[in-house]
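Here is the structure we will look at.
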Amino acid sequence: MMDGFDMLLVASAVIAGAAPLVMATLGETLTERAGVVNLSLDGTIVLSAMAAFVVASLSGSLLAGFAVSAAVGACVAALVALFSVRLGMSQVAVGFVLTLMTRDLAYFLGSQYARTEGPISGSAPVPVLSGMPVLGQVLFNHSVPVYLSMIMVAFAWWYLYRTSWGLRLRCVGENMEAAYARGIDPDLVRVVYTVAGGALVGLSGAAFSLCTKPGWGQPQGCEGSGWIALALVIFGAWHPVRAALGAYLFAFLQVMSIHFQSWFPDVPAQVFQVAPFPLMIFLLAVSTLVHSEEAKMLAERHPLLRILTRGLAQAPPLSLGKARSRD
Amino acid sequence: MTIALRSIHKHYGDIRANDGIDLVLRPSTVHGILGENGAGKSTLMKILSGYVRKTSGTILVDSEEVDFKNPAEAASHGIGMLYQDPLDFPPLTVLENFMAGQRMKAWPDRSLFRKRLAGLCREMGFDLDPETPVVRLTVGERQQLELARHLAAGRRVLILDEPTTGISSLQKDVLFSALRRLSSGGATVVLVSHKLEDVETLCDEVTVLKKGRVSGSAVRPFSTGALLEMMFGREPAPPLRKGHEPGAQALFLEGVHAHGGRTGLAQCTVKVNRGEVVGLAGLEGSGQDVFLRVAAGLTRPTRGRVHVSRKDMTGRDHHAFKTMGVAFQPAARLEEGLIAGLSVAEHCAILERSSFSLDLDASASLAQERIQSFQVAARPESPVESLSGGNQQRLLLSFLPDDPVLLLLENPTRGLDRESVRWVWERLDAIASNGAAIVFSSSEIDEILMVSDRVLVFFEGRIIHDVRPEDTDALMLGKAIAGRV
Amino acid sequence: MRTVFARMGRPLEMGLKTALAGVAEIAASVLVVVAFTTLVLLVAGAPPLDTFAVLVKGSLGSWSKLSHVIKVWIPLTLASCGLLFTFKAGLWNIGVEGQVMMGAVATTLAMRMGGPSPLAGMVTALALVAGMAGGALWALCAGFLKTKAGVHEIFAGLGLNFVSQGLVLWLIFGPWKQPGIASMSGTETFDERLWIPSIEALNLSPAALGMAVAAVIVTAYLLSSTRLGLYLRAVGGNEKAAVLFGLKPHAVMTAAMLCAGGLAGLAGAFQVSGVYHRLIPAISSGYGYLALLVVLLAYYNVWAAPVVAFFFACLNTGAIQLPMLLSLDSSLSGVIQGSMVIAALAVHSVSTRSRRSRG
């Protein structure tokens, strides 16, 4: 039954498969830490995947593809910032419409390039390190975007918790008025990190179409991952490392679903392809449940539960989704 | 650093929060700003700290004219403010809160800030652990942290808005000795307070504000009577109520504790009988808001029991209280009391709860009746958000049930002129004569004395006084409110 | 971008009447959308004028095309009506897509159980009711996740959308697979007697059309002239105040979800019984998500919603011709619809802002 199940291969596939999702999750974590919900993720990823694929095919340069995808992600995010931060429109409405619109835009503009040959960011083992036993294969035998995603996790943590810019960003997300009282411009910070987060989301699109799920077609394999990234941000309690771990967990579920397919040939393959999505959302539901009044009351009575819920529950940035009132 | 404020005005629409205030703040001095709720103290201080922009007037810092556009500009002149509700970042750690807003390198040396914080704490007698999230600190500790942060950033003028609200007496002693030390070191300290005691213990100089203007000033040693006169002084209003024979028990709170508001509610045991009008006095947010919500079934007590008409209602929801004849009216009219987007007639229609299909004509004529009898300047089809504050208030009063057991009213006459207040109370008095108990909060001592059969004085979440109006007066109540029983 | 909108907002600042401002708002947003779409078309290397012509001719050019538009309009209008209930109660019922799918599943189940009996008409009617029930039950799940567990309705709805998509696929490739081989083309086609009756010459089902029109009228009546509509608006307007007025917000929200799910389920039922005559993987055709756009663009107005739905149905139908005639992808319709909503929301918020700052 367990034919062809190799732990190392699975671990390596998880690290590689999660790369785009890690980028998107980190991008959205930054954005939400500044208090803005960018709900347009799902469409943005598809659009930037298309842009990256087309540009890389035409120019023959992978770098150009990645650059353009980041620019596309930043542009869509700039729209979200413009409409929600400057015009005070509902972040949910704007993000949702943009997510549908950008996806259709991707399929419309990209249709003539569908199923054409394009460049692929191939495997580039790290010299020396890839020769290490176990870790070499799991961590150091990947393509450049995968390394990038791993570095980004560490960088995002360092940026958020160890730099003065990261501190300012967290301040705005927690309390815009207090940030303003300390000489920080909350609107500016929100716009900057919405756009920066959008650029990371854009990069994740390129990581899909040029690396993890190479190529472009309809439907692109990356559809739906934007919603997963949004759920992962909550699941990861707005902490970059925890959110990234969530992305690896999701990638693990996806890899396992392929194995399950061979173990349960009677169940149609499509079910396993879809299964990780609801599973993830329900994990999220459980982690939200911890916040509920009943759960808190219950935890008050059982000290052991209290410790557990404290560990799981992490409140969202206090100004998340709110617009700043001006007089 | 000497700061002179000349003829400061701040208008919000028709409301003049500051109406021509002159004030001089000198170095090495603790300057008290005293006044009732709504006297304009907080507005004035927010202008000085750059948080709010003035409508007109001049601010001179060491004879140089300044016009602060934002708090950062005021900070660069060495002016820092500690807000009443600490403006900090609760989920972040003490150290991060200390660092935020200070000058620092791109990737700052945290140990440097840690050392600086530890040094300041030692000097001031504070005990703060740099890695604790601020959400776990008490209000007093958050204040200490803010103070330390302002000092580290080199502020020479410190404004403290109601710093002793919600902190322990021990923390107050620590704070005051720190402030004295700073003042003797040449800093300018401004203490904004309602509390006479605080001002008298700490301040060298006091300016009293009333209704947006300076109503007087004094230097140490202070005469309590003179200060109270400046704060509350006015001709006493004739009592409206003749007093009724109290009827059966309407409300009984038994050792109730509850969370909420600024201070929560602690050890509250009160009986209110039908026919009684009970006024809740105290600084805004001293527990009156929580008291009313517990009695209405909107907030569940953490300890103690709530009885309505001798029936134990502890833990029941508002709907259960409603069927027992309890009605609650919140102070935040548009936020909690009325439904923006719905018209006056539609509000009436919700209350009728008759057939499934709406008879809008019938609701409109009912609305018209209410509008007329409560003198609301509106039409049945007007959306409630288009009404002025006073009219919204009257509309809410018109929604009260005709034959209640217990009416709980939060600032029921706020925003009404004196005539309307009298008119409203004649109505409520009639309801009380019919056998309803009325419990209301108000920031107007005159109003409370005018209409109540009994006054409960709240201080820091506790009832510290339970008196009849004929046994007290405005000055005594003013003292009690300020924490001097 | 911002200056563009600001410039457009300026004529509105001059104190025109609200009606005129409304017309100006629509004109301004149409202008933005035409400009944006033209730009997109130029980027794709397509001739803009020809493309617009194809969209118009492909939707309104002949009776057969118009009848196709109506077939799109019916489920879109049904789902939009449902969403009006939830939006009025202040809920973002993103799970509407899954509710459409579950309506389709329930209808298919009922038809399979009923089979082509002599009472086929009855089976069809019952299957439609089953569709409504299926959608409503699915909406109830999201409603309970929201009111009992505090999961935001967006994520509860999305999760349920994924679940229902998985369920549809499992049914098509598992228990309900076609004799022989399972395929993406869906389940076996139903007996013709189970289809919603339609006039063959016109390719139009008066019964289904009547259903959609009735849904609009009933929705309008329920929302404006009944206690239910009033309570929905009260809870959506101010949950706290609604409690003081004696309402139970959670019960009202649940009622809203039930209405929305029922109508969305009916849309799914029509997809099965009136359009595809079987269950296919993409049974919802994305109409749930599209209905969200319809309601946003209609600014939550009952009477505007069917008009917007008709316009969107025209775009969807017209775009079908694009791949054949101009070798362009049909997703252009989605681009136009999305940019339309964004532009309208933006123009509206700019003009209300400037009006407020004047007043």
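The values are calculated or read from the model by the stated rules, or taken from the named source; none is laboratory data. The shown structure was predicted, so the numbers you read here are calculated from the model rather than taken from an experiment. Reconstructed Cβ throughout: ideal geometry from the backbone, glycine too, with neighbour counts over all protein chains shown. Quick note on the areas: whole protein, heavy atoms, side chains included, nothing else; ligands and nucleic acids left out. Shrake-Rupley method; radii C 1.70, N 1.55, O 1.52, S 1.80 Å.
A few points about this structure:
- Inter-site label distance for B:E123 and C:V218 at 7 Å from Cα along Cβ, in nm: 7.5
- Ranked by how many other beta carbons lie within 10 Å on average, peptides A:126-139, B:168-181, A:190-203, A:105-118 from highest: A:190-203, A:105-118, B:168-181, A:126-139
- The overall shape of segment B:260-317 is oblate: from the C-alpha gyration tensor, with semi-axes ordered a ≥ b ≥ c, the ratio a/c is 1.5 or greater and a/b is no larger than b/c.
- Basic side chains Lys and Arg get +1 at the Cβ, acidic Asp and Glu get -1 at the Cβ, and with that the dipole of segment C:59-325 about its Cα centre reaches some 480 debye.
- With Cα atoms as the point set, the radius of gyration and Dmax of chain B evaluate to 24.7, 74 Å.
- Counting DSSP beta bridges with both ends in the protein assembly as shown, the antiparallel % (nearest 5): 55
- Test item: C:179-187 mean partner chain Cβ contacts at 10 Å: 0
- Cα coordinate range in the protein assembly as shown, projected on the principal axes (Å, largest first): 99, 79, 63
- Reported to the nearest whole Å, the Cα centre-to-centre distance from segment B:437-453 to segment B:24-75 is 34.
- Label separation (A:Y147 vs C:T189): 5.7 nm, computed from points 7 Å beyond Cα along the C-beta direction.
- Dipole magnitude of segment A:7-310 about its Cα centre (Cβ charges: Lys, Arg +1; Asp, Glu -1), debye to nearest 20: 540
- Directionally averaged projected area (chain C, Cα convex hull): 20.8 nm².
- Most positive-pole-ward Cα, C:A24, B:I463, A:S204, against dipole of the protein assembly as shown from beta carbon charges: A:S204
- Inter-part distance, segment A:186-214 to segment C:255-331, computed on C-alpha centroids, equals 31 Å.
- Each of the peptides C:259-267, A:62-70, B:102-110 was scored by the mean count of other Cβ atoms within 10 Å over its residues; in descending order, highest first, they stand as C:259-267, A:62-70, B:102-110.
- Remark: the Cα gyration tensor places segment C:258-359 in the oblate category, a/c being 1.5 or greater and a/b not exceeding b/c.
- Peptide-level mean, for C:160-171, of C-beta atoms on other protein chains within 10 Å: 5
- Chain A: C-alpha gyration tensor shape, a/c 1.5 cut-off, then a/b vs b/c: oblate
- Relative to one another, the C-alpha centroids of segment B:176-203 and segment B:366-381 are positioned 52 Å apart.
- Where trypsin sites (Lys or Arg not before Pro) fall in DSSP loop in segment B:1-77, at most 11 other Cβ within 10 Å: B:K69
- Taking the accessible area of the protein assembly as shown, probe 1.4 Å, and keeping the other protein chains in place, the carbon and sulfur fraction comes to 60%.
- Averaged over peptide B:85-97, the number of partner chain Cβ atoms lying within 10 Å of each residue's Cβ comes to 5.
- Cα convex hull of segment A:36-101 - mean projected area over all directions, nm²: 4.1
- Summed side-chain charge close to B:M313 - residues other than B:M313 whose Cβ falls under 12 Å, Lys, Arg +1, Asp, Glu -1: +3
- B:E229 accessible area, assembled protein chains, probe 1.4 Å, Å²: 110
- Span-rule helices in chain A, defined as complete DSSP H runs reaching 24 Å or more along the axis (Cα) with Kyte mean at least -0.5: A:7-33, A:41-59, A:62-81, A:91-110, A:144-162, A:186-207, A:240-263
- Helices meeting the span-like rule in chain B (full DSSP H runs, Cα extent of at least 18 Å along the helix axis, mean Kyte-Doolittle score of 0.0 or higher): B:169-184.
- For the residue pairs B:K271/B:K311; C:K71/C:K146; B:K311/C:K248; B:K271/C:K248, alpha carbon separations beyond 25 Å are given by C:K71/C:K146; B:K271/C:K248.
- Summed buried accessible area for C+A [probe radius 1.4 Å, Å², rounded to 100]: 3800
- Selection from B:I15, B:A432, B:G140, by position along the positive dipole direction of chain B (Cβ): B:G140
- FRET efficiency, C:M122 to C:V307 (Cβ-Cβ, R0 35 Å, nearest 0.05): 0.50
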